[in-house]
Amino acid sequence: MEPRNFDGDADRPRSAGAKQTGRVLVIGPYLRVRAGSADAQSESYVQRDAEARLDEAAGLARAIDLVIADAIIAPISQIRPATYIGKGKVEEIAALAKSLDVELVVMDCALAPIQQRNLEKELHAKVLDRTGLILEIFGRRAKTKEGSLQVELAHLNYQRSRLVRSWTHLERQRGGFGFMGGPGETQIEADRRLIQERITKLESELKKVQATRRLHRAGRQRVPYRVVALVGYTNAGKSTLFNRLTRADVQAADMLFATLDPTLRALNLPHGGKAMLSDTVGFISNLPTQLVAAFRATLEEVLEADVILHVRDISHEDAEAQQSDVDAVLRQLGINPDDSGRIIEVWNKIDRYDVQQREELLNIAARRPEDHPAMLVSAVSGEGIDALLAAIEERLAAKRTTLDLSIDAADGAGISWLHRNSEVLAKELHDGRFDMTVRVDETKRDIVVNRFDAVPHLSAP
């Protein structure tokens, strides 16, 4: 469906068809940003295309099987405290919602509780903002117990601020004695108390999840496997790339938030080494803070990763704005998106370009600073995957020491220990001794040097 601009003398809405279950009207109330304003001059500001934003909002609605009756852009000059948009636009949208006979109006913005309630009264329909819509998607997609706990916690924190005084007549027994006692607990107070009790319980359960993750992570750290994490905007192709790199069979679909629960698989590197590759939940613009907080246990895999692959859908018209959104979430997690020693930018979906466009893209990538390269790949066709694996191996090797040593072939325990605790790059038998080149973590360097009389390797393979 083509989005339409609903601004003053815009085209009038089409006539409504037959009533369908789950029909929804998607509204894009996007704030106009003047060229000379402080927001436009901000270094972090990236102009997003209004039609692309509206298309994304419609995609979010389709992700929970809603039928899009219409999707329109309603540009605003300022945010109104009562209804977010101006009175005139509220009346126009109310008329459109009535003519289309919709049951739900999705506002592609974050609404305050009072704004949501006022809009529902004026539009005579259920109103859902961007945060509520994303929470609804996450609630449906959570498969594991951990994912369900995280989504429920985020949803309760969101719901707690939106309790309305609908049942104030249902007061419980008056407190105190006689006429001196104050009113008893109202229904809304009881609801808030029950929600808070549930939140406390969920937070306790998630702490156990974090403790379990720490144990698993400690177990991985005892072996020479490093962690590589995939991050990126939702639908950038992370899961498809994950499957290509690990030969796994993780669900990958052309759908927003197709992957929710994190997945870990072994990643084979070009010179025989291994790493653990982690696929994480996709990011999105205006990602609800409740979700960032609730999914911190999951996103700890990103925090602890040795290398982070920032996967970008380079063919998307809003690719630059999406990069800015991902960078903002990484900063929220305490990760510097400009850390070139840790983050590799992956430009995915180059298969969507013809030969000439691909050459232009290669030239753009070649002009980037050496410490901020871009790896061009197609997770679908496999193009560029070998170069990406080599880059991953190079980054991981930079944090490890390569050593040469000679060990008696009869020392089976020592050889076994090296295979368990280091990355064996070369191994040759000469006169009853194994000449070996190994790569070890800095924490095990001194052990290898002292036990096996190892020396630094002059030129790592």
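The values are calculated or read from the model by the stated rules, or taken from the named source; none is laboratory data. This is a predicted model, so every value here is computed, not measured. With ideal geometry, Cβ positions are generated from the backbone for all residues, glycine too; neighbour counts draw on all protein chains shown. Surface accessibility is based on the protein's heavy atoms, side chains included, excluding ligands, DNA and RNA. Shrake-Rupley method; radii C 1.70, N 1.55, O 1.52, S 1.80 Å.
Summary table below
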item: Under-5 Å amide H pairs with ARG23, H placed in peptide plane, nonlocal only; result: VAL67, GLU103
item: Residue-wise HN-Hα coupling along segment 397-403, computed from phi with Karplus coefficients 6.51, -1.76, 1.60 (Hz; x: Gly, Pro); result: 5, 5, 9, 10, 10, 9, 10
item: Distant-in-sequence amide H partners of VAL424 (H built 1.01 Å from N, under 5 Å); result: ARG439
item: Largest-first ordering by accessible area, 1.4 Å probe, given options GLU394, GLU136; result: GLU394, GLU136
item: Highest-first arrangement of 200-210, 420-430, where packing means the average Cβ count within 10 Å; result: 420-430, 200-210
item: Relative packing of 266-277, 96-107, which averages over residues the other C-beta atoms within 10 Å, highest first; result: 96-107, 266-277
